[in-house]
Amino acid sequence: MSHKIYTTEAIVCGSRANNTSDKAFLLFTRDAGMLWATARSVREERSRQRYALQDFSLIKVSLIRGKSGWRIGSAEGELNYFRGARSDTREARAAIAGIVRLLRQFLHGEISHGTLFDDTKLALEKAKEESLQHSDLLDIFSLRLLHILGYIAVTPELEGYITAQEWWKLPSLSETASAAIEKAKQVSHL
């Protein structure tokens with residue numbers, strides 16, 4: 001019996017060890033949303049996938065849906081955002097970890113979010129830059145994430161942050177926007 005293979009881009013949002021040499025990975029994929037997938041023998045030294053499947057990595061992955069869930073057939077690492085950030089900028093690495101933490105907190109289930117995936121890739125890429133105000137980037141990304149997921153509606157005060165093409169260049173959030181984020185987090189119960 002043959003299984004269909006799905007090849008997609010993904011961001012590795014976390015991992016946990018299984019058995020002796022297996023590992024399960026939390027992947028935010030462009031086409032299937034947030035899912036757990038297992039890779040066999042990936043913790044062994046001879047594994048070719050072990051370096052591609054590191055946390056905070058952007059990868060091209062082939063997934064196979066089996067009886068017990070998703071399995072990783074192959075993975076090709078494109079870049080690791082955390083390692084790509086300058087080592088002397090703690091703010092950049094904190095912003096990258098904060099973006100992934102938001103994804104883990106608010107995304108559940110296999111629902112495709114193409115726009116959110118593009119926003120996430122852009123936010124992670126911009127977080128590596130030292131000239132940016134990382135706290136503002138994280139705040140605006142939070143607002144956009146919560147809007148895409150349906151927790152924040154477009155209002156005249158928030159429209160500029162939600163619809164802007166170059167949103168990472170926008171100034172700090174207003175008090176109204178910060179209050180909308182806090183209210184959305186309370187309403188979501190996550």
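The values are calculated or read from the model by the stated rules, or taken from the named source; none is laboratory data. Here the structure is a predicted model, which means the values were calculated and not measured. In this analysis, Cβ positions are derived from the backbone assuming ideal geometry, glycine residues included, and neighbour counts consider all displayed protein chains.
Details
- Leading residue by the ranking (nearest to ASN80 (Cα to Cα)) among those in the stretch 127-138 that are within 15 Å of the chain's Cα centre (by Cα) and at pLDDT 85 or above: ALA127
- Residue check for THR89: within 23 Å of ALA127 (Cα to Cα) and more than 20 Å from the chain's Cα centre (by Cα): yes
- Conditions (1) β-branched (Val, Ile, Thr); (2) over 27 Å from GLU129 (Cα atoms); (3) in the same structural domain as LEU116 (by TED's automatic domain parsing); number of the one not met by ILE64: (3)
- Residues that are among the β-branched types (Val, Ile, Thr) and closer than 17 Å to LEU26 by Cα occur at least once in the stretch 114-121.
- Contacts under 7 angstrom Cβ, first residue in the stretch 48-68 being without any contact (Cβ under 8 Å) to a residue 24 or more places away in the chain, partner surrounded by 14 or more Cβ atoms within 10 Å (Cβ to Cβ) and charged (D, E, K, R), 6 or more apart: ARG50/ARG43
- Taking the criterion of being within 15 Å of GLU166 (Cβ to Cβ) and more than 12 Å from the chain's Cα centre (by Cα), the only residue of the stretch 111-126 that qualifies is LYS126.
- When ALA179, ALA123 are checked against the criterion of being small (Gly, Ala, Ser), surrounded by 21 or more Cβ atoms within 10 Å (Cβ to Cβ) and outside the structural domain of MET34 (by TED's automatic domain parsing), a single residue qualifies: ALA123.
- Those helices (runs of 4 or more DSSP H) lying entirely in the stretch 121-190 with at least 3 residues farther than 15 Å from LEU102 by Cα: 159-163, 175-188
- Reported count of residues in the stretch 25-75, each being under 16 Å from the mean Cα position of the chain (by Cα) and small (Gly, Ala, Ser), is 5.
- When the stretch 139-175 is filtered for residues that are more than 18 Å from the chain's Cα centre (by Cα) and of a type in the set (Val, Ile, Thr), the ones remaining, listed by number, are ILE152, VAL154, THR155, ILE162, THR163.
- The set of residues in the stretch 153-176 being in contact (Cβ under 8 Å) with a residue 24 or more places away in the chain and either closer than 19 Å to THR120 by Cβ or not assigned by TED's automatic domain parsing to the domain that holds LEU107 (or both) consists of TRP167, TRP168, LEU170, LEU173.
- Applying the set (1) within 30 Å of ILE181 (Cα to Cα); (2) modelled with pLDDT of 90 or more to THR89 leaves exactly one unmet item: (2).
- Residue among ARG144, ARG101 that is under 21 Å from GLY33 (Cβ atoms), charged (D, E, K, R) and either assigned by TED's automatic domain parsing to the domain that holds LEU53 or free of Cβ contacts under 8 Å to residues at least 12 places away in the same chain (or both): ARG101
- Selection status of GLU91, charged (D, E, K, R) and exposed (fewer than 14 other Cβ atoms within 10 Å of the Cβ): no
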